[in-house]
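Q: Dropping a structure here in structure tokens format, bear with me for questions.
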Amino acid sequence: MGPIDIARVLRDLVQLVEPRITGGESQIHIELSLQPLPEVRGNPNKLTEAFLNILLNAMDAMPQGGTLRISAVERSGEIRIAVRDSGKGMAREELARAFDPFFTTKPGGTGLGLSTVYRVVRAHGGSVFLDSEPGKGTSVFVSLPIASPVEEKQPGPAGRPSRGEHSVLVVDDHPAVREATAELLGGQGYVVETAATVADALAAIERRPFAAVVTDVGLPDRAGWEVVRAAKQRSRQTLVVLVSGWGSHFSPEDVRARGVDLVLVKPVDPDELLSAIDRGVRSSTAA
Ligand SMILES: Nc1ncnc2c1ncn2[C@@H]1O[C@H](COP(=O)(O)OP(=O)(O)O)[C@@H](O)[C@H]1O
Ligand SMILES: [Mg+2]
């Protein structure tokens, strides 16, 4: 376990995959945006293998070409890496199973890429989650704790018990809000699923109960209340957080009667959201 420069790992990997991209007929445009980053501690070969798997998947998803955006920033004691492709994206069922060992949709695929990513990232005390829209592309977010002994005076994300066993559904039609919320919770070790519509959210809730559901009220297809109702019907123990741009229009009694545990008004304070979910999830036994 030595100090690792993640920016360097990513740059080297891009060099490694570049011939495969420029050699073919299809053009993949790569945008690399790496801030100067503090080091992480760990196994460079394992981390390289993990990011290689992510890059190869992105390229597999763009057989006709596209854009691959790789970024890494430092935030809240972590390095947050995002790999976004403009490829075929994943259907909900695919997204739900993507980390499963041996799950593959590719002829000749092993289905071991993302399960390796998950294992390696978790072994480094980090977290990983996916956001994907069929036909639009996929984003893979990886957070890794920074290798600073000073950081360890407080338990880091990896040290906090059992968040990783808790799943949270984030429902918002704005990609930026959805991603930021998912990144916040995923970065703290929750297993995060996202949905952009009520229909997608209902499908996700049908597949499994969530420890917490964070939903916007105004969604494109139907009202966010339907997500609230479905979540509570699936499991009464699910903590339902409603995020609203016009919170003052709802009376507390009305909101409670509809099954909402907590209303947060946009722009949501990340600390408030996180501590609410921590509290709610700790007192529940849902998934
Ligand atoms: N960037 C991506 N875009 C679209 N689908 C993806 C992406 N990454 C992973 N997947 C889906 O997840 C599945 C599992 O990926 P992985 O574990 O790497 O195995 P494999 O690449 O061998 O299929 C893939 O078969 C594919 O369906
Ligand atoms: Mg793969």
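Q: Please work out which one of (1) farther than 26 Å from Glu193 by Cα; (2) part of a loop (DSSP other than H, G, I, E, B); (3) of a type outside the set (Ser, Thr, Tyr) is the condition Arg41 fails and give its number.
A: Unmet for Arg41, out of (1) farther than 26 Å from Glu193 by Cα; (2) part of a loop (DSSP other than H, G, I, E, B); (3) of a type outside the set (Ser, Thr, Tyr): (2).
Results for (1) surrounded by 16 or more Cβ atoms within 10 Å (Cβ to Cβ); (2) charged (D, E, K, R), shown as yes or no for each residue.
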| position | (1), (2) |
| --- | --- |
| Asp200 | yes, yes |
| Arg208 | no, yes |
| Pro220 | no, no |
| Arg234 | yes, yes |
| Gln237 | yes, no |
| Asp254 | no, yes |
| Arg258 | no, yes |
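Q: Quick check on the range 20-35. Is at least one of its residues loosely packed, with under 15 Cβ neighbours inside 10 Å and touching an Asp or Glu at 6+ places or on another chain (Cβ under 7 Å)?
A: yes
Q: Among the residues that make up the range 98-108, is at least one of them assigned by TED's automatic domain parsing to the domain that holds Ala7, of a type outside the set (Ser, Thr, Tyr), away from ligand 2 (no atom under 15 Å from the Cβ) and in contact with a strand residue (DSSP E or B) (Cβ under 8 Å, 6 or more places away or on another chain)?
A: There is no residue in the range 98-108 that is assigned by TED's automatic domain parsing to the domain that holds Ala7, of a type outside the set (Ser, Thr, Tyr), away from ligand 2 (no atom under 15 Å from the Cβ) and in contact with a strand residue (DSSP E or B) (Cβ under 8 Å, 6 or more places away or on another chain).
Q: Of the residues in the range 132-142, how many are within 16 Å of ligand 2 (Cβ to nearest atom) and free of Cβ contacts under 8 Å to residues at least 60 places away in the same chain?
A: Residues in the range 132-142 being within 16 Å of ligand 2 (Cβ to nearest atom) and free of Cβ contacts under 8 Å to residues at least 60 places away in the same chain: 2 in total.
Q: Within the range 114-131, restricting attention to residues that are within 14 Å of ligand 2 (Cβ to nearest atom) and not in a helix (DSSP H, G or I), which residue is farthest from Ala176 (Cα to Cα)?
A: The qualifying residue farthest from Ala176 (Cα to Cα) is Val128.
The values are calculated or read from the model by the stated rules, or taken from the named source; none is laboratory data. Predicted model only: the values in this text are computed from it and were never measured. Virtual Cβ from ideal backbone geometry, glycine too; neighbours counted across all protein chains shown.
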